[in-house]
1. Can you confirm whether segment 343-364 contains a residue that is farther than 26 Å from E251 by Cβ and not charged (D, E, K, R)?
2. Could you tell me which numbered condition T240 fails, if it satisfies all but one of (1) closer than 21 Å to A159 by Cα; (2) in contact with a strand residue (DSSP E or B) (Cβ under 6 Å, 6 or more places away or on another chain); (3) buried (at least 24 other Cβ atoms within 10 Å of the Cβ)?
3. From the list I364, I350, I313, which residue is open to solvent by 30 Å² or more (accessible area, probe 1.4 Å), among the hydrophobic types (A, V, I, L, M, F, W, C) and under 27 Å from D145 (Cβ atoms)?
4. For segment 200-213, enumerate the residues that are open to solvent by 50 Å² or more (accessible area, probe 1.4 Å) and either of a type in the set (F, W, Y) or not in a helix (DSSP H, G or I) (or both).
5. Can you confirm whether I345 is among the hydrophobic types (A, V, I, L, M, F, W, C) and open to solvent by 10 Å² or more (accessible area, probe 1.4 Å)?
6. Could you list, in sequence order, the residues of segment 258-299 that are polar (S, T, N, Q) and farther than 18 Å from M54 by Cα?
7. Between D158, D171, which is acidic (D, E), farther than 28 Å from L322 by Cα and touching a Gly at 6+ places or on another chain (Cβ under 6 Å)?
8. Being buried (at least 24 other Cβ atoms within 10 Å of the Cβ) and part of a loop (DSSP other than H, G, I, E, B) narrows it down to one of A319, A292, so name that one.
Amino acid sequence: MLAILILIGAIAVIVIAAMLVLRFNPVFGGRPNEDTQARMHRSSQYERGKFVNMIPTSMQMSMRDSLLVLREFVFGKPGSKPEKTAAIKSINPGSLQQGDLGAKVTWFGHSALLLELDGKRMLLDPMFGRAPSPFPWIGGKRFSDKLPIDIESLSAIDAVIFSHDHYDHLDYGSVKRLKDKVGRFFVPLGVAAHLERWGVAADRIEEFNWWEEIVWEGIVLASTPARHFSGRGLTDRNSTLWCSWVILGREARVFFSGDSGYGPHFQQIGDKYGPFDLTLMECGQYDERWQAIHMLPEETVQAHLDVKGNVMIPIHWGAFKLALHDWRDPVERAVEAARERGSKIATPRIGDPVTIGAEPYPSIAWWRE
C-alpha cells in the first residue's frame, strides 16, 4: 500500500511540475487578449474553439504507424542528416547595407529567409536557434555549426513575418535577440500574444486572418491560406492560425508558402494574386503518413505551378532532421519534378543571395559536394 501511495505521489508531483512549466515558462508563449479572441471567433476558420483547415486534414496515425515512426526516429536511418557539418556561405554584414541593388532573397536554412525588396529588409520565419525545441539542449541540432550571419551582426530589420507558431518557425531565443532591431511584426491571428510575452510592444505587431491584407511602406502584404496546424504546448493545438504570405512590391512579386500540405488553396491564391516572380515553397520534413500537412516534393512543384510562380526556391529542408527521409531527397526530388514539368527552380547554398529576376539562377548540387 505504501508503495502505491508513493507512486501516486510521484505521478502527482510530475504532473504538477509539468503544468507549472507549461504555465510559467515563457518559451511556450502567451494567450490572446480579448480583442484578438473576438477576432478569432469571427473568423470563418474558427470552429468550437479551434482553427480548422479549408478541407478535411487528418493528422491521426494508427498505433502501429506511431510506434514505427518512434522506432525510426530513435534508431535513425542512414542519410537522414549530413555525415559532416553542412557547408554554408558566410554573409558580410556590409553587403546588407549597400542600398537598393534590386530585389533579392537569402536563405538561412529550413524556412528562414531574408527578403530585400523595394529598399526594405524583411525576415521570414527567422528561426536562428540551435534546435527546434522548447528546450534547445533537447532535440536534433542544426546541420551547420553556425549561421551565415549572427543576429548581432544584422543591421536594422524593417519587418519580420511569421507563418505560424511551431518551434522550427517561431523561436523564443531568436525573437528575444532580434526584437530590438525590428520595426514591425506581421503574424497570423493569435500569434501576437507570444511576441508580447517575449517583450515585443503590441503596437509593433499586426495580426491577420486569411485573405486580409495591408499596404505597408508601399508593399502589399496578404495573409493567405495554408493546410497545416499550430501549437506550442500539450493543450493548445490549433489555438492560433497558420498561413502563407503574398508579398507584392514594385521590384518583385513573392509568395512564401509557410508550412502546408497540398490543397486547392494554392490555385485560389494564384488566381487572386498571381503570377509571382519567385515562390519560396515548403519542401521537406514530409512523409506519406503525414502528407496532409507537409507536401511531397512533387506536390511542392505542382503548388508552385498552381500559384503561377516563375522561379521556385525549395525551403523547409537543409537545417534540421524533423522527418525520416534522406536529408538530400527534398531538393533532389523537387529538381527532378521541376525538370519533368518544365518549371524553373533555384537551389542556392545557405547564405548565398539570389537576385530575383536575374538569370541564371543557382543550380549547383552543393549538397553532394
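1. no
2. Just one mismatch for T240, condition (2).
3. Working: I350 fails: open to solvent by 30 Å² or more (accessible area, probe 1.4 Å); I313 fails: open to solvent by 30 Å² or more (accessible area, probe 1.4 Å).
It is I364.
4. Result: E206, W211, E212, E213.
5. Judged against the criteria, I345 is a match.
6. Within segment 258-299, T279, Q285 qualify.
7. The unique qualifying residue is D158.
8. Numbers: A292 fails: buried (at least 24 other Cβ atoms within 10 Å of the Cβ).
Just a single option satisfies the conditions, and that option is A319.
The values are calculated or read from the model by the stated rules, or taken from the named source; none is laboratory data. As the structure is a computational prediction, the values presented were derived from the model and not from experiment. In this analysis, Cβ positions are derived from the backbone assuming ideal geometry, glycine residues included, and neighbour counts consider all displayed protein chains. With ligands, DNA and RNA removed, areas are computed over all heavy atoms of the protein, side chains included. Shrake-Rupley method; radii C 1.70, N 1.55, O 1.52, S 1.80 Å.
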